[in-house]
Amino acid sequence: GAAVLRCLGSLLCLWSLRLPAGPGAAARGLDVASYRERVRAMFYHAYEHYLESAFPYDELRPLTCDGQDTWGSFSLTLIDALDTLLILGNVSEFQRVVSVLQEGVDFDIDVNASVFETNIRVVGGLLSAHLLSRKAGVQVEAGWPCSGPLLRMAEEAARKLLPAFQTPTGMPYGTVNLLHGVNPGETPVTCTAGIGTFIVEFATLSHLTGDPVFEDVARKALKALWKNRSDIGLVGNHIDVITAKWVAQDAGIGAGVDSYFEYLVKGAILLQDKELMSMFLEYNKAIKNYTKFDDWYLWVQMYKGTVSMPVFQSLEAYWPGLQSLIGDVDNAMRTFLNYYTVWKQFGGLPEFYNIPQGYTVDKREGYPLRPELIESAMYLYRATRDPTLLELGRDAVESIEKISKVDCGFATIKDLRDHRLDNRMESFFLAETIKYLYLLFDPDNFIHNDGSDFDMVVTPYGECVLNAGGYIFNTEAHPIDPAALHCCRKRKEEQWEVEDLMQEFYSPKKTKKFTLRRPSDPGERESAKNPEDVEKAGEKRRENSKKSSHSLLSCPSQSFNSKLAVLGQVFLDNT
């Protein structure tokens, strides 16, 4: 119990906790390895047909076996699928695609692009692939992870989005022209998620490149939404980014709002930021007070709290996974089970489901192979090992293969009532749906690393730890290694503390000998050849650092053992 509380206190929550396996799937006769291989086969059926019939277009049209540009003209499915290749263990194709993207993707194009979608799919996908490149056997530059071709591409794409943030409120326009910036006459109305879903990618960019502009604009947008919440603590669906007037005043956890809440939690964990977490926890209270009924979440008027739409939207199914990240597992499971009953009713989640009537909503009967319920199952299975969660994975594989599979890939389900299909395969099918299914059925995947395994890399700023686990998925399921954010900054006192603690942690075990290279102090270089020297040198540096006006640690209010939890392992007081 105390270990859990300490872990929650460090904002890294359940992701780094390992729970003992329960009776698991075997008790119910579910062959996990068999389903894992079926998911792998699903990926390659879709991926190979994209390459064959649709590349270099953004997406595959599976009914006509051709391609189309949808969110820009970026070969989007290739970027979105890149880290999934590594999670499936295909390093050779990962390496090939990295070369293809470097040669073939150009952001200097006269295209109107969604600021939100370009960020989560393109910037997020490139950042994730950049941070996983070394693990995938790519020859990385000497300065990696603080430099590299994929990082430069991610930065170039993100810079194309920056003009959208030049508004009186700091809240961005929803669309930007990649060549000319914001078009004259562009609508100033943007959805809440389109404003609050940047901190994960943009803070990562700022930490890796050293340019604070990305994190600054993302934080300003987050704070503008917070400032404009209603008196009862809710935010609406769409807002005017010039005047800060709410245009759509429906408050809920689904479409138009969803990833704003997700990024407050994930931003808090990634950056060890208590302010972002406290914002979310305040919203969480208001959401429970006004929108939650019998473990369902409805839509309400943001100023009055009166119910406006008693519907469940498929996009809301991320919520149980988010609840698990803050440790609210019991409530998460209850809501997940409600959503699972809808899946079992239709063989998928309709876009809208009328809760009182227990049926689909007119013109919202489709299922475009969304990942959100599977995503929640993956998180909750890591936390509970409840076999019911594997059963959802099984049902998803069976449904998607039976209803959606066609000769050229997997098609969006236009209507869950009669299984009519639409001629589209969204890139998120390979980026998210397949990835979360595979991770649900692959408990030993490197993504689930608990911190017991890691890499030490040398950067221009000294040595740092990578691939220790605790990955933060962006809202397109692109994993970001939180430890990488600490690799590219000249924070010497922080680096010394990390190295001293690691020396102390490993020296009693005598399992590996680490030679930790420290940067020189101005005018002198210290060397420590035994534990006593290490301790003396550490004390001297810490004494010197006390003379500065403030601590250089990211979270000075936290004890250092909590701070180190970002490296994928929680060091407890009694270790």
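Structure summary
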quantity	calculated
Unique match (being under 21 Å from N474 (Cα atoms), of a type in the set (G, A, S), in contact with a strand residue (DSSP E or B) (Cβ under 6 Å, 6 or more places away or on another chain) and open to solvent by 10 Å² or more (accessible area, probe 1.4 Å)) among A164, A255, A248	A255
Cβ-Cβ under 7 Å pairs, at least 6 apart or on other chains, region 89-110 side within 18 Å of Y438 (Cβ to Cβ), far side part of a loop (DSSP other than H, G, I, E, B) and open to solvent by 30 Å² or more (accessible area, probe 1.4 Å)	V91/G137
Residue count for region 274-294, restricted to those that are touching a helix residue (DSSP H, G or I) at 6+ places or on another chain (Cβ under 6 Å) and touching a residue at least 60 places away in the same chain (Cβ under 8 Å)	2
Enumeration of residues in region 362-393 that are open to solvent by 40 Å² or more (accessible area, probe 1.4 Å) and either at pLDDT below 95 or β-branched (V, I, T) (or both)	T384
Among the candidates R121, R152, residue that is open to solvent by 40 Å² or more (accessible area, probe 1.4 Å) and of a type outside the set (A, V, I, L, M, F, W, C)	R152
Residue in region 79-91 that is open to solvent by 50 Å² or more (accessible area, probe 1.4 Å), over 26 Å from T175 (Cβ atoms) and part of a helix (DSSP H, G or I) present	yes
Tally of residues being assigned to a loop (DSSP other than H, G, I, E, B) and buried (at least 18 other Cβ atoms within 10 Å of the Cβ) across region 218-229	1
Top-ranked residue of region 169-189 - restricted to ones that are without any contact (Cβ under 8 Å) to a residue 40 or more places away in the chain and farther than 19 Å from E155 by Cα, ranked as surrounded by the most Cβ atoms within 10 Å (Cβ to Cβ)	E186
Hits in region 92-118 (condition: within 30 Å of M456 (Cβ to Cβ) and either among the aromatic types (F, W, Y) or buried (at least 24 other Cβ atoms within 10 Å of the Cβ) (or both))	F94
Residues (in contact with a Ser or Thr (Cβ under 7 Å, 6 or more places away or on another chain), of a type outside the set (F, W, Y) and open to solvent by 20 Å² or more (accessible area, probe 1.4 Å)) located in region 299-327	Q301
Conditions (1) without any contact (Cβ under 8 Å) to a residue 60 or more places away in the chain; (2) part of a loop (DSSP other than H, G, I, E, B); (3) open to solvent by 10 Å² or more (accessible area, probe 1.4 Å): number failed by K135	(1)
Filter result for E215 (surrounded by 22 or more Cβ atoms within 10 Å (Cβ to Cβ) and either touching a Pro at 6+ places or on another chain (Cβ under 7 Å) or modelled with pLDDT of 95 or more (or both))	no
Residue tally, condition open to solvent by 10 Å² or more (accessible area, probe 1.4 Å), over 24 Å from S399 (Cβ atoms) and in a loop (DSSP other than H, G, I, E, B), over region 35-69	4
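The values are calculated or read from the model by the stated rules, or taken from the named source; none is laboratory data. Here the structure is a predicted model, which means the values were calculated and not measured. Cβ sites come from the backbone with ideal geometry, for glycine too, and all protein chains shown count toward neighbours. Only protein heavy atoms, including side chains, enter the accessible area calculation; ligands, DNA and RNA are left aside. Shrake-Rupley method; radii C 1.70, N 1.55, O 1.52, S 1.80 Å.
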